[in-house]
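This report concerns only the one structure given below.
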Amino acid sequence: MHERIDILGVRVSAVNLGLACAEIEGWVKARRKAYVCVAPVSTIVECNRDSAYRDIVNAADMVTPDGMPVVWLAKAKGCPHVGRAYGPDLMRALCGRSGLRHYFFGGTSQAIGHLEQCLKKELSGINIVGMVSPPFRPTAQMEDQKVIAAINQSMPDILWVGLGSPKQDFWMRLHRDCLDVPVMVGVGAAFDFLAGLKPQAPRWMQRRGLEWLFRLICEPRRLWKRYLIGNSLFLFYLIKEFWGPPNSGDTYKNRTCPRN
């Protein structure tokens, strides 16, 4: 079992892409029910603004360091092996592993149609057992029993949930007990990226923590609040944590990487 590191009250998993894939594959093999959240800066900020959402994320079996600032903070807290486990990279890596059965839930019908085509073209051995593009809902709600039954009958090993955060994380928690799939992973906009419907930032921008700038330039009207206000709040929370006294009410007090 991986260790966890506190990043502004969020229990981020001390993993990298390889470790995350290996542990998820182990859960599939053991048929263990688990759900995985990805944690870019926007998720850390939202968790600080919404305690109910923080509880959902902290209850996840894995919270991957999705953004480079999260990785840098984990390294600064004594976890040198931590690396970025970015949603689209995690999805591509696991979809490329042989023997796994995949189900896609979320996005538009156009997006998942393109996603299937692109992944089958890129990963010849991928086994896609089902796809659902649900109707848009502003918040996570219990799915119709027919949808739940269809997912269970397809017997996937991994259910990829692309509803965007925080909705996808609430959805996974809400449906964890009624779905037989071992592992659910919320991957945000990964469906659109891997389907080629949205451009991804160049790797050099991703490595330098500038993906937010690329996405803001691409979608300024939709994303300006997330990045301009959200990034400012992230810096504010960091400064507040650094200069402020420890919060005695924290349920997860360990602020450095645990040691064996």
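Just so you know, all these numbers are worked out from the coordinates, no wet-lab data involved. If you're wondering where the values come from, they're calculated on a predicted model, not measured in any experiment. Cβ: placed from backbone, ideal geometry, glycine included. Neighbour counts: every protein chain shown.
Structure notes:
- Cα-only Debye scattering, the range 203-245: base-10 log of I(q)/I(0) at q = 0.16, 0.21, 0.34 Å⁻¹: -0.51, -0.72, -1.04
- For trypsin sites (Lys or Arg not before Pro), the sites in the range 148-220 that DSSP calls loop and that have at most 14 other Cβ atoms within 10 Å are R208.
- For the range 76-194, the relative contact order comes to 33 percent (Cα pairs under 8 Å, sequence separation of at least 6).
- Counting only Cα atoms, the chain measures 52, 41, 33 Å along its principal axes, largest extent leading.
- For the pair K33 and L123 in one chain, pulling the backbone fully straight at 0.36 nm per residue adds 29.8 nm over the alpha carbon distance.
- Gained length - D180 relative to W72, 0.36 nm times residue gap less alpha-carbon distance: 35.3 nm
- At most 12 other Cβ within 10 Å, DSSP loop - chymotrypsin sites (Phe, Trp or Tyr not before Pro), the range 88-166: F136
- Ordering R101, R54 from the fewest to the most neighbouring beta carbons within 10 Å gives R101, R54.
- Scaling against 2.2 N^0.38 Å puts the C-alpha radius of gyration of the range 1-125 at 1.11.
- Label point distance in nm, R137-W243, each placed 7 Å from Cα along Cα→Cβ: 4.3 nm
- Going by neighbour counts of Cβ atoms within 10 Å, the residues C178, C37, C47 line up, fewest first, as C178, C47, C37.
- Built amide H within the under 5 Å cut-off of I7, gap 5+: V12
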